[in-house]
Amino acid sequence: MSVTPHAGPATGPAQAPGPAGDGRTARRPPVLRLLARPEVGVLLGALAVLVFFLIAAPSLRQGSSMATVLYQSSTIGIMALPVALLMIGGEFDLSAGVAVISFALTASMLSYQLTVNVWTGVVVALVLSLGVGALNGWMVTRTGLPSFLVTLGTFLILQGVNLAVTKLVTDNVATDDISDMDGFGQAKRIFASSVGIGGVQVKITVFYWLAFAALATWLLLRTRYGNWVFAVGGSAQSARAVGVPVTFTKITLFMLVGLGAWFTGMHNLFSFNTVQSGEGVGQELIYISAAVIGGCLLTGGHGTAIGPVFGAFMFGMVNQGIVFAGWNPDWFKAFLGVMLLGAVLINLWVRRTATRR
């Protein structure tokens, strides 16, 4: 009589579930993981817009023309970065556009009317920008009101003050020329100079833009503060429950928007020597649109700093591409609307495709 031996305990490594498994533990393919990145959709869109205008406007292929596109993109992108961080944190700032003009007006009129070194006006404008940002953040966190309403009020206040104070002080809608004042040359070199590369003059704002993007990416992905930003944007109550300083995070995000508005305002002032008090209205929508096209969700908690860089580049390319192509510039807003809707739909499709089992 034969005896069948009993099977002993398995001692080898456990086998991974094969194709017949339910798939719950299977890893997604690399392509889907790549598509899940929020900046991939806008990168593809930016490349498509670039190719389109390179074909439609051959003069864009020149180095000087591309430098103009990059400059236009940088003036949008510098502000789109802090606006994007604020949106990832779950808030908006509708005063960002007129704030740029407010801080430029402050630096210009203070320096000219008091006949002081322009750096005095620059520093006072910096303090004011941080104060306005802190006030916006404090009101949002203190009252619980939507940031849309709070910053809409700030927008209207700044717009009215810009016009009224400028007319009161200068008897005009623009500030006086400060190009012959002490410190102007040094400030212009810092905020509004150009750098020669291969015979092409590239505005210094392009380099600031890329440096700020790298800094913002590091802040989001490699620091505790970046984790706080994503946490408060996802759910402020849950973030507070696990010890995230929600109030501090949101106030500092609004202050970063103020800081970006100050820097952009200083560039405008030292580029043109004077400031028009009625400008800036509507620019906040451009900044927000660049962030949305770059993959930042309106609901917060999702996005990157790289996506808005490509979003701003698309805006700059369309803005200058229409001019170089010889088209009616009135089509610019229509192009922006199509880009915004297209980017939102593409990002939605990409996320659904990447998360589909």
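Along each of its three principal axes, how wide is the spread of alpha-carbon positions in region 141-211, in whole angstrom units, largest first?
52, 35, 19
Along its principal axes, what span do the Cα atoms of region 53-132 show, with the longest given first and each in whole Å?
51, 38, 15
Over the chain, with the other protein chains present, what is the accessible area per residue in square angstrom, probe 1.4 angstrom?
Ligands and nucleic acids excluded, the result is 51 Å² per residue.
In whole Hz, with x marking every Gly and Pro, tabulate ³J(HN,Hα) for region 303-317 from phi via Karplus 6.51 cos²θ - 1.76 cosθ + 1.60, θ = phi - 60°.
Result, rounded to whole Hz: x, 9, 8, 6, x, x, 5, 5, x, 5, 5, 4, 5, x, 5.
Would you mind calculating the relative contact order of the chain from Cα pairs under 8 angstrom and at least 6 residues apart, reporting the percent as a whole number?
Result for the chain is 34 percent.
Under the rule of -39500 (n - 2.57) per DSSP H run of 4 or more residues, summed and divided by the residues of the chain, what mean residue ellipticity at 222 nm is obtained, to the nearest 500 deg cm²/dmol?
When only DSSP H runs of four or more count, the value is -23000 deg cm²/dmol.
Can you tell me which of 43-56, 108-121, 245-258 comes out highest on packing, and rank the rest after it, using the mean Cβ neighbours within 10 Å?
245-258, 108-121, 43-56
Helix 96-114 against the longest principal axis of the chain: what's the angle in degrees, Cα atoms only, rounded to the nearest 10?
Result, in degrees: 30.
Could you list which residues have their amide H under 5 Å from that of Gly89, counting only those 5 or more apart in sequence or on another chain, with H placed in the peptide plane?
Excluding prolines and chain starts, which carry no amide H, the hits are Gly301.
HN-Hα J couplings of region 236-248 from phi, Karplus 6.51/-1.76/1.60, θ = phi - 60°, integer Hz, Gly and Pro as x?
5, 5, 5, 5, 5, 5, 9, x, 6, x, 4, 4, 4
Consider the candidate values [x] 27, 51, 15, 5, 2, 0; [y] 25, 41, 21, 10, 3, 0; [z] 29, 58, 12, 0; state which one is P(r) over Cα pairs in 20 Å bins from 0, in percent computed from the structure displayed.
Structure-derived value, by its label: [x].
From Cα pairs below 8 angstrom and at least 6 apart in sequence, can you work out the relative contact order of region 56-150, rounded to a whole percent?
Averaging sequence separation for qualifying contacts and normalising by length gives 21 percent for region 56-150.
Can you sort Arg224, Arg189, Arg240 by solvent-accessible area, 1.4 Å probe, largest first?
My answer, sorted largest first, is Arg224, Arg189, Arg240.
Which distance in nm do the two modelled labels at Leu210 and Val51 give, with both placed 7 Å along the Cα-to-Cβ direction?
2.3
Report the normalised scattering of region 81-198 as log10 I(q)/I(0) at q = 0.22, 0.23 Å⁻¹, calculated by the Debye formula with identical scatterers on the alpha carbons.
Calculated log10 I(q)/I(0) at the listed q: -1.19, -1.24.
Ignoring ligands, DNA and RNA, please state the percent of accessible area on the chain from carbon and sulfur, probe 1.4 Å.
Looking at the chain in its full context, I get 66 percent from C and S.
Mind listing the phi-derived Karplus ³J(HN,Hα) values for region 206-216, rounded to whole Hz, using 6.51, -1.76 and 1.60 with θ = phi - 60°, and x for any glycine or proline?
5, 6, 4, 4, 5, 5, 5, 5, 5, 5, 5
Can you return the lysines within cross-link range of Lys188? Criterion is Cα-Cα under 24 Å, with same-chain partners fewer than 8 residues away left out.
Those lysines meeting the cut-off are Lys203.
The values are calculated or read from the model by the stated rules, or taken from the named source; none is laboratory data. Everything quoted here is computed from the prediction, not taken from an experiment. Positions of Cβ are generated from backbone atoms using ideal geometry, with glycine treated the same way; all protein chains shown enter the neighbour counts. Calculation scope for accessible area: heavy atoms of the full protein, side chains included, ligands and nucleic acids excluded. Shrake-Rupley method; radii C 1.70, N 1.55, O 1.52, S 1.80 Å.
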